[in-house]
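Each remark here refers to the structure printed beneath this line.
The values are calculated or read from the model by the stated rules, or taken from the named source; none is laboratory data. From a predicted model like this one, the values you see are computed outputs, not experimental measurements. Every residue, glycine among them, receives a Cβ derived from its backbone with ideal geometry; neighbour counts consider all protein chains shown.
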Amino acid sequence: MSEVKEAVAVFDNVKQLQDAIDELESSGFDRAEISLLASSGAVETKLGHMYEKVEELEDDAQVPRSAYVSTESIGDAEGALIGGLFYVGAVTAIGAVVASGGALLPILTAAAVAGGAGGMAGAVLAALVGQHHANYLQEQLDHGGLLLWVRTRDAAHVTLAKDILKRNSAHDVHVHQLSAAKV
């Protein structure tokens, strides 16, 4: 069974975490090599107990992880929800008015009203997506910080990952080795 080395770090705020991840990616680390601690509910379900501090989980191979989702991706999802529901509402209203033989003004009015309603529904859903992500991050900060793992390919990547993490104000930066079957 092969071994996998990971750099591990804890961050005290989202900006430092984001800066470190941006630098890791621009230095050749793939997004798939970067993971974060899963939600506390997922951790509790998997381990059968709640944790007090993230430090308890740093080197536990059984801890569930979450793929990193950038703030840009969250913004894209929010925009898609707003725009998509605006479009669906407008097109549905236009179709209904055209099917009933409506004139141009009622078509435009129906599109604006239904599109606006769809856009508002999208905005509410987008706010929920953003709030869910913010709650996920805050929940970890409340338990001592944002836990990050970076899978490394070789000794040079171990050194590079540790340097990047330290440069971006991470603490408790270290490397652990796990069996590939556990990761």
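Overview of values
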| read-out | value |
| --- | --- |
| Residue 30 closer than 12 Å to residue 151 by Cα, modelled with pLDDT of 90 or more and of a type outside the set (A, V, I, L, M, F, W, C) | yes |
| Pair list, Cβ under 9 Å, 6 or more apart: region 18-34 residue acidic (Asp, Glu), other residue at pLDDT below 90 and in a helix (DSSP H, G or I) | 25/31 |
| Yes/no for residue 20 being modelled with pLDDT of 80 or more, in contact with a strand residue (DSSP E or B) (Cβ under 8 Å, 6 or more places away or on another chain) and on the phi < 0 side of the Ramachandran plot | yes |
| Restricting region 15-40 to residues that are among the hydrophobic types (A, V, I, L, M, F, W, C) and more than 15 Å from the chain's Cα centre (by Cα), the residue that is surrounded by the fewest Cβ atoms within 10 Å (Cβ to Cβ) | 29 |
| Filter pass, residue 80 being assigned to a helix (DSSP H, G or I), surrounded by fewer than 19 Cβ atoms within 10 Å (Cβ to Cβ), touching a strand residue (DSSP E or B) at 6+ places or on another chain (Cβ under 9 Å) and modelled with pLDDT under 75 | no |
| Residue, surrounded by the most Cβ atoms within 10 Å (Cβ to Cβ), within region 41-59, restricted to residues that are out of contact with any helix residue (DSSP H, G or I) (no Cβ under 8 Å at 6 or more places or on another chain) and in a loop (DSSP other than H, G, I, E, B) | 58 |
